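Novice: Before we start, here is the structure in question, set down as structure tokens.
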Amino acid sequence: MKLKPYPKYKDSGIQWIGKIPEGWEVRRIKTIFYEINKQSTTGAEELLSVSDIYGIKKRSEIIGPDDHLTHAETLIGYKKCKKGDLVINIMLAWKGAIGVSAYDGIVSPAYCVYRIKNHNPKYFHYLFRVNLVTNQFKRYSSGIIDSRLRLYPEEFFRIETIVPPLPDQTAITHFLDKKNAKIDSLIEKDKKLIALLKEKRTTLINHIVTKGLDPNVKLKDSGIAWIGEIPKGWEVHRLKFKETVTMGQSPDSESYNYEYRGYPFLQGNAEFSDVHPNPSIWCDVANKYALKNDILLSVRAPIGAINIADQKYGIGRGLCAIRIKINNLKYIFYQLIACVNYLNSIGTGSTYTAISTEDVMNLPMRYPPLPEQTAIANFLDNQTSKIDKTIQKIEEKIKLLEEYKKSLIHYVVTGKVDVRGVE
């Protein structure tokens, strides 16, 4: 069903808002919300997280297995919020780190909590996260650069906002909740498909680098329990006896720059992509370097992320560089992928897991004859590229769905289309 505009529009009187449907108003936010500043005396309430990606969620539902619920010593003094309250991360309001809570709980004392007056809070959850409005949040924030912007309550209250009649607010939230649920369901199915394809890719790599390309090859005991049997003609050697390992070491922070001086610097795997890194900072002088075609291995959580250096890099203590001597580079790359589970199993540490220089240097590796290494690498390049292309197409589809969702919300909450009575 094609959505139609409202029957009549009027000038809002505000340039950035433009025309709005007749019957809608423009009012300052202070007439709609008031600030709540109640603090927890026990710290026992549900801890909530605010993000520009998802709005508000329970912190317990989004942390990883190696993450802490919080690094704070106590949650006493955290701000209370109730279901339907608006919570703003004042440092990231300009990015859309704002949302209406679906839960009773507590949030960081650095955030602001607001309660609504006789309106539908979910409508403003949608409205306050569209670019049209977050641009105003940025305009009214204090600070010289983006990383230091703060949207304080007195400025937040000064901002003018679109206010439809309450029945329209309810119709809009009902429509968007249903539409977004359908879009999110499609995106979730595609993400699950991507996960399955990645699992298939990993399984393929693990099988080929452990058993080779000949399904009828005779096997022998490798002598190492976690490796098991390997094809006859293959050998197992510690990495240090075949390749060169360089552990990263971070330079002084004063050495970092964003002006492309010196060499691109990698502290850890944050800038890793599928194969080659995408550096974001540089350093004038690095203590340790990776050369072009070195394999970059993450030695701190997540252990085992792997890339190949496409140029000379300075490397920090989160990485090591593995320089290949006479073996096939891509074969060793794939072989290391097959060692990720083992490397994680030997990681140690309470704050985060890590592996040591000795762990990397003593890593047992399977070595077929060089021609077989090349054949395996070529085969895996061919097969994984097919899987990667399929994944890329699905990711592009997800991106289009997310853009459609974002556009739909914008058109609906600003009154460009009329969803009253639309199911």
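The values are calculated or read from the model by the stated rules, or taken from the named source; none is laboratory data. The shown structure was predicted, so the numbers you read here are calculated from the model rather than taken from an experiment. Cβ atoms come from the backbone with ideal geometry, glycine included; neighbour counts cover every protein chain shown.
Novice: For the range 243-253, indicate whether the set of residues that are in contact with a strand residue (DSSP E or B) (Cβ under 6 Å, 6 or more places away or on another chain), surrounded by fewer than 13 Cβ atoms within 10 Å (Cβ to Cβ) and more than 21 Å from residue 334 (Cα to Cα) is non-empty.
Specialist: Scanning the range 243-253, I find no residue that is in contact with a strand residue (DSSP E or B) (Cβ under 6 Å, 6 or more places away or on another chain), surrounded by fewer than 13 Cβ atoms within 10 Å (Cβ to Cβ) and more than 21 Å from residue 334 (Cα to Cα), so the answer is no.
Novice: When you go through 52, 67 one by one, which is the residue that is of a type in the set (Asp, Glu), modelled with pLDDT under 95 and out of contact with any Lys or Arg (no Cβ under 6 Å at 6 or more places or on another chain)?
Specialist: 67
Novice: As an exercise: evaluate residue 61 against (1) in a helix (DSSP H, G or I); (2) touching a helix residue (DSSP H, G or I) at 6+ places or on another chain (Cβ under 8 Å) and give the number of the one condition it does not meet.
Specialist: Failing condition for residue 61: (2).
Novice: If the requirement is being in contact (Cβ under 8 Å) with a residue 40 or more places away in the chain and assigned by TED's automatic domain parsing to the domain that holds residue 295, which of these qualifies: 373, 335?
Specialist: Sole residue among the options that is in contact (Cβ under 8 Å) with a residue 40 or more places away in the chain and assigned by TED's automatic domain parsing to the domain that holds residue 295: 335.
Novice: Would you mind stating whether residue 350 is of a type in the set (S, T, N, Q), surrounded by fewer than 18 Cβ atoms within 10 Å (Cβ to Cβ) and not in a helix (DSSP H, G or I)?
Specialist: In short, yes.
Novice: Condition first: among the hydroxyl-bearing types (Ser, Thr, Tyr), part of a strand (DSSP E or B) and touching a residue at least 24 places away in the same chain (Cβ under 8 Å). Can you find one or more residues in the range 18-32 that meet it?
Specialist: no
Novice: With (1) surrounded by 14 or more Cβ atoms within 10 Å (Cβ to Cβ); (2) within 30 Å of residue 365 (Cβ to Cβ); (3) over 22 Å from the mean Cα position of the chain (by Cα) as the list, and residue 201 as the residue in question, which single condition is left unmet?
Specialist: (3)
Novice: If you go through the range 169-178 one residue at a time, do you hit one that is within 27 Å of the chain's Cα centre (by Cα) and over 21 Å from residue 17 (Cα atoms)?
Specialist: yes
Novice: Here are some residues: 292, 312, 330. Which one is of a type outside the set (Val, Ile, Thr), touching a Phe, Trp or Tyr at 6+ places or on another chain (Cβ under 8 Å) and at pLDDT 95 or above?
Specialist: Checking each option against the conditions leaves just 312.
Novice: Kindly check whether there is at least one residue in the range 408-415 that is at pLDDT 95 or above, farther than 27 Å from residue 207 by Cα and in a loop (DSSP other than H, G, I, E, B).
Specialist: For the range 408-415, residues at pLDDT 95 or above, farther than 27 Å from residue 207 by Cα and in a loop (DSSP other than H, G, I, E, B): present.
Novice: Can residue 277 be described as crowded, with 20+ Cβ neighbours inside 10 Å and either part of a strand (DSSP E or B) or not basic (Lys, Arg) (or both)?
Specialist: In short, yes.
Novice: Then there is this: Quick test of your reading of the structure: residue 96 fulfils all but one of (1) on the phi < 0 side of the Ramachandran plot; (2) buried (at least 18 other Cβ atoms within 10 Å of the Cβ); (3) of a type outside the set (Asp, Glu). Name the failing condition by number.
Specialist: For residue 96, the exception is condition (1).
Novice: Just a yes or no: is a residue in the range 266-283 touching a helix residue (DSSP H, G or I) at 6+ places or on another chain (Cβ under 9 Å), of a type in the set (Val, Ile, Thr) and farther than 17 Å from residue 239 by Cβ?
Specialist: Taking every residue of the range 266-283 in turn, at least one turns out to be touching a helix residue (DSSP H, G or I) at 6+ places or on another chain (Cβ under 9 Å), of a type in the set (Val, Ile, Thr) and farther than 17 Å from residue 239 by Cβ.
Novice: In the set 176, 197, 213, which member is modelled with pLDDT of 95 or more and in a loop (DSSP other than H, G, I, E, B)?
Specialist: 213
Novice: Here are some conditions: (1) surrounded by 14 or more Cβ atoms within 10 Å (Cβ to Cβ); (2) in the same structural domain as residue 316 (by TED's automatic domain parsing). Residue 222 meets all but one. Which one does it not meet?
Specialist: Only one criterion in (1) surrounded by 14 or more Cβ atoms within 10 Å (Cβ to Cβ); (2) in the same structural domain as residue 316 (by TED's automatic domain parsing) is unmet by residue 222, namely (2).
Novice: Could you look through the range 135-173, keep only residues that are part of a strand (DSSP E or B) and of a type in the set (D, E, K, R), and pick out the one that is modelled with the highest pLDDT?
Specialist: The qualifying residue modelled with the highest pLDDT is 160.
Novice: Whether any residue in the range 36-46 is touching a helix residue (DSSP H, G or I) at 6+ places or on another chain (Cβ under 9 Å) and either at pLDDT 95 or above or of a type in the set (Lys, Arg) (or both) is what I want to check.
Specialist: no
Novice: Scan the range 296-318 and give yes if some residue there is assigned to a loop (DSSP other than H, G, I, E, B) and on the phi > 0 side of the Ramachandran plot, otherwise no.
Specialist: Looking for residues that are assigned to a loop (DSSP other than H, G, I, E, B) and on the phi > 0 side of the Ramachandran plot, one finds at least one in the range 296-318, hence yes.
Novice: Quick one: count up the residues across the range 110-127 that are within 26 Å of the chain's Cα centre (by Cα) and surrounded by 15 or more Cβ atoms within 10 Å (Cβ to Cβ).
Specialist: 8
Novice: Something else: Do you know which of the residues in the range 209-253 that are in contact with a Leu (Cβ under 8 Å, 6 or more places away or on another chain) and not aliphatic (A, V, I, L, M) is farthest from residue 300 (Cα to Cα)?
Specialist: Per the criteria, the residue is 232.
Novice: Are any residues in the range 284-297 of a type in the set (A, V, I, L, M), out of contact with any helix residue (DSSP H, G or I) (no Cβ under 9 Å at 6 or more places or on another chain) and surrounded by fewer than 19 Cβ atoms within 10 Å (Cβ to Cβ), and if so, which ones?
Specialist: 291, the sole residue that qualifies.
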